[in-house]
Amino acid sequence: MRQNRSIPSATVIPVLIYPDVREAVEWLSGAFGFEERLQIGDNHRSQLTVGDGGAVILGDVRGDRRPPREGESTHGVLVRVEDVNGHFERAKAFGAQILAEPETFPYGERQYTAADPAGHHWTFSESVDDVDPATWGGLLRGS
C-alpha cells in the first residue's frame, strides 16, 4: 500500500462522530491514552493513533453524521492494550463510564468496556493466553 502522510497507515480506520471534536480529542487522550496525529480545521476532524499502528478518526456532526443517542449502542471499537488492568484504572480515574469491569474470558483475552462522553463504546483487550478457538466453540477459517 502506498504511504500518504495525510492518513494513518492502519488498514481499517473507524470514523466516529462527536459533537465537539476538540473536546473528544482531549478526553480520549486523557482517559484512554490516544495521541493526536493530525488536526483538520478548528473542530472538523482529527486523526488519533493508539498502540502499535491503531488509528481512529473523529468527525464533527454535520448532515446525517451523528453520535449515538443516549441508551443506544450502534457499534463498538475494540482496542488491544498491553496492560488492561492499568488501562482500566487510568480510564476510571479520568471519569470514564465503565460498562463492564475487567474480566478474563475463555478465549484468552482480559477485557473491559467503557463509554466515552458521546456514547461510543470502547472495549480494551489484553491477550493473556494463546487459546485454540476450538476449545471455546470457535471455528478458525482462513489465515
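What follows draws every value from the coordinates through simple rules; no lab data is involved. For clarity, every value in this text was computed on a predicted model and none was experimentally measured. Note: ideal-geometry Cβ built from the backbone for every residue, glycine included; neighbour counts use all protein chains shown.
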>> On C-alpha positions alone, give me the angle between the axis of helix 84-93 and the longest principal axis of the chain, in degrees, nearest 10.
In response: 40 degrees
> So, how do all the Cα-to-Cα distances of the chain break down into 10 Å bins, in percent, from 0 on up?
Replying inline: 11, 37, 34, 16, 2
>> Among 10, 29, 85, whose Cα projects farthest towards the positive end of the dipole of the chain, with charges put on the beta-carbon of Lys, Arg (+1) and Asp, Glu (-1)?
In response: 10
> Given R₀ = 25 Å, FRET efficiency for residue 13-residue 94 by Cβ-Cβ distance, to 0.05?
Replying inline: 0.55
> If one takes the longest principal axis of the Cα atoms in the chain, at what angle in degrees, from 0 to 90 and to the nearest 10, does the Cα axis of helix 21-32 lie?
Replying inline: 30 degrees
>> So if I take the alpha carbon set of the range 71-143, get Rg, then get Rh from the Kirkwood formula, what is the Rg over Rh ratio?
In response: 1.03
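How big is the dipole moment of the chain about its Cα centre under a simple scheme where the beta carbon of each Lys and Arg is +1, that of each Asp and Glu is -1, and everything else is neutral? Debye, nearest 20, please.
660 debye
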